[in-house]
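A.B. asks: One structure, as structure tokens, below. Some questions next.
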Amino acid sequence: MPLKTREFDPANYLKSDEAVSAYLNEALETGDAAFIADAIGVIARARGMADVASKSGMSRESLYRSLSATGNPELATVVKVLAAMKLRLAAHPTEAA
């Protein structure tokens with residue numbers, strides 16, 4: 001009998017503010033813009049995409065499109081979405097080489 005599996009969805013594990021913060025920080029550490037946008041989208045799904053869209057003043061459809069692995073959101077979109085989710089970006093110096 002074949003083993004049945006389900007697709008892994010990290011949104012199912014982002015239940016606390018600490019988990020969300022750790023997930024976003026790890027995504028930011030990669031420096032991969034597509035992965036970061038996708039991670040913000042995962043967090044938005046975990047928090048409720050319709051609610052995030054309403055609070056950010058954007059449509060749910062455009063958020064799904066912008067915050068996918070193939071999306072390329074503008075910085076203004078990222079800032080609006082993060083603010084709607086009560087998150088913010090912070091800069092820290094990198095380690096000297």
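The values are calculated or read from the model by the stated rules, or taken from the named source; none is laboratory data. The structure presented is a predicted model; accordingly, all values stated were derived computationally and were not measured. Note that each Cβ is placed from the backbone with ideal geometry, even for glycine, and that neighbours are counted across all protein chains shown. Only protein heavy atoms, including side chains, enter the accessible area calculation; ligands, DNA and RNA are left aside. Shrake-Rupley method; radii C 1.70, N 1.55, O 1.52, S 1.80 Å.
A.B. asks: Residue under question is Ser56, and the condition is that it be in contact (Cβ under 8 Å) with a residue 12 or more places away in the chain, under 14 Å from Ala39 (Cα atoms) and open to solvent by less than 100 Å² (accessible area, probe 1.4 Å); does it hold?
C.D. replies: Judged against the criteria, Ser56 is not a match.
Results for (1) surrounded by 11 or more Cβ atoms within 10 Å (Cβ to Cβ); (2) in a loop (DSSP other than H, G, I, E, B), shown as yes or no for each residue.
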site: Ala19; (1), (2): yes, no
site: Asn25; (1), (2): yes, no
site: Ile43; (1), (2): yes, no
site: Ala69; (1), (2): yes, yes
site: Leu87; (1), (2): yes, yes
site: Thr94; (1), (2): no, yes
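A.B. asks: Taking the condition open to solvent by less than 30 Å² (accessible area, probe 1.4 Å), part of a helix (DSSP H, G or I) and closer than 21 Å to Glu74 by Cβ, does Ala11 pass?
C.D. replies: For Ala11, the condition - open to solvent by less than 30 Å² (accessible area, probe 1.4 Å), part of a helix (DSSP H, G or I) and closer than 21 Å to Glu74 by Cβ - is not met.
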